[in-house]
1. So, B:THR105, is that one of a type in the set (Val, Ile, Thr), facing chain A (nearest Cβ under 10 Å) and open to solvent by 80 Å² or more (accessible area, probe 1.4 Å) or not?
2. Failed condition for B:PHE93, given (1) at the interface with chain A (Cβ under 9 Å from one of its Cβ atoms); (2) farther than 30 Å from A:ASN223 by Cα; (3) open to solvent by 10 Å² or more (accessible area, probe 1.4 Å), with all others met?
3. In region A:141-153, what residues are within 12 Å of chain B (Cβ to nearest Cβ) and either acidic (Asp, Glu) or within 19 Å of A:SER205 (Cβ to Cβ) (or both)?
4. Would you kindly identify the helices (runs of 4 or more DSSP H) lying entirely within region B:8-121 that contain at least 1 residues that are touching a Gly at 6+ places or on another chain (Cβ under 6 Å)?
5. Quickly run through region B:70-88 and pick out the residues that are open to solvent by less than 30 Å² (accessible area, probe 1.4 Å) and facing another protein chain (nearest Cβ under 9 Å).
6. Does at least one position in region A:71-81 carry a residue that is in contact with a strand residue (DSSP E or B) (Cβ under 6 Å, 6 or more places away or on another chain) and either open to solvent by 10 Å² or more (accessible area, probe 1.4 Å) or in contact (Cβ under 8 Å) with a residue 60 or more places away in the chain (or both)?
7. Whether any residue in region A:16-28 is of a type outside the set (D, E, K, R) and farther than 30 Å from A:ILE161 by Cβ is what I want to check.
8. Out of the helices (runs of 4 or more DSSP H) lying entirely within region A:180-281, which hold 2 or more residues that are among the aliphatic types (A, V, I, L, M) and surrounded by fewer than 21 Cβ atoms within 10 Å (Cβ to Cβ)?
Amino acid sequence: MITSTLLMLAVGLFAGIMGAILGIGGGMIITPIITLALGLDIKYAIGASIIAVIATSSGSTIAFLKDDVLNLRVAMFLEIATTIGAIVGAVLTGIFHPAILYFLFGSLLIFSSWNMYRKLRSGKEILKRAKPDKWAQKFNLNSSYFDKNLNKQIDYQVENIPGGLSIMFGAGIASGMLGIGSGAFKVMAMDNAMKMPLKPSSATSNLMMGVTAAASASVYFFNGSIKPGIAVPLALGILVGAAIGSRIMQHLPSRVIRMIFIPILLYLGLQMIFKAFGVTI
Amino acid sequence: MDKKTKNEMETVEILIGKIMRIGVLIAASVMVIGFIMLVCQQSSGYPGTTFPTTLSEILKGITTFKPYAYMMAGIFLLILTPVLRVLVSIYAFYKEKDVLYVWITTIVFIILMFGFILGHH
């Protein structure tokens, strides 16, 4: 028990730091460790992953709110699409073949990894657009944040709101139906489609993924998928890790965050496409 | 974005941040208490690998100082923190007289509750 507790604390610390920096849930780190290293049933891995998402989200949001990095209006606006998607996904389970979805979302992630690579290659991050977006103005979504790496206030504008909403709806379906992609799709919608800068995208994703996960977490809690001996050390490790990660992230250059992101999105995408063909990696 | 909206946003975010911190600290403390009890008692308080999964079982376990009951209660409180965030956001937007976002956030809360209810059936 001592070994598994220490392992979970350490995994949590690492997953929390990475999750807070990137705005993703960390299920892809946690699931293989629980199923392979601890030899537990996949059901407990899913339960632990859900708790991990919430812990990362709540742990990092404290710092992101305090330092005003995230965009609360964008979060709440998009959350409508994600939560509806999550419920639709939960209802669709068993009706729609998951392989099709795995393939579709896997391809999307690979495409978004390619987009990130292009943005990295093009050098400078573009923050301001020539034409202001009608929707963004109507819903008051444009904002600014203080970049601790560049040491200056950065104003940004948001565009392509319908595109962002569609991806968020899809992300909701994916997480409700397959229990995947809690954060990766959200960052993709904001960074790729809506042209938000990477740091507010990641911070806003952190806030949102906890809200989306909370809806399904109660189900896992009451059906016994959440083992206290696993989930508690994991959650405690993550809370500490996320607090550290949310501070590191603000000092990192966006380029570095993007460089960490590209292989992770590629890996996640390939993992899903393989799964569509029945291969688990 | 104009100055007024920006300042208003900061007040809203600081308020939510403060309440979030209290919520997370409470959840973490209950988990830590349960964990320390587990280490001290060298027993989960439940037979074999079982653990309590209903709120009444957890409450009963808390009154009889069972480590796993405290740990599960801490996890449950942690699950509630994002819900708390949405609730506080509604209040914060209301205080800032942002009617549009009071509605948007209320819709999110209703959908979330719908999901909770759907999940239990």
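1. It is false that B:THR105 is of a type in the set (Val, Ile, Thr), facing chain A (nearest Cβ under 10 Å) and open to solvent by 80 Å² or more (accessible area, probe 1.4 Å).
2. (3)
3. A:LEU141, A:ASN142, A:SER143, A:SER144, A:TYR145, A:PHE146
4. The helices (runs of 4 or more DSSP H) meeting that bar are B:67-95.
5. B:MET71, B:MET72, B:GLY74, B:ILE75, B:LEU78, B:ILE79, B:THR81, B:PRO82, B:VAL83, B:ARG85, B:VAL86
6. So far as region A:71-81 goes, yes, one or more of its residues are in contact with a strand residue (DSSP E or B) (Cβ under 6 Å, 6 or more places away or on another chain) and either open to solvent by 10 Å² or more (accessible area, probe 1.4 Å) or in contact (Cβ under 8 Å) with a residue 60 or more places away in the chain (or both).
7. For region A:16-28, residues of a type outside the set (D, E, K, R) and farther than 30 Å from A:ILE161 by Cβ: present.
8. In region A:180-281, the matching helices (runs of 4 or more DSSP H) lie at A:228-251, A:254-276.
The values are calculated or read from the model by the stated rules, or taken from the named source; none is laboratory data. The model shown is predicted, which means the values in this text are computed figures rather than measured ones. For neighbour counting, all protein chains shown are included, and Cβ atoms are generated from backbone atoms with ideal geometry for every residue, glycine included. To get the accessible areas, we keep the full protein, side chains included, count just its heavy atoms, and leave off ligands, DNA and RNA. Shrake-Rupley method; radii C 1.70, N 1.55, O 1.52, S 1.80 Å.
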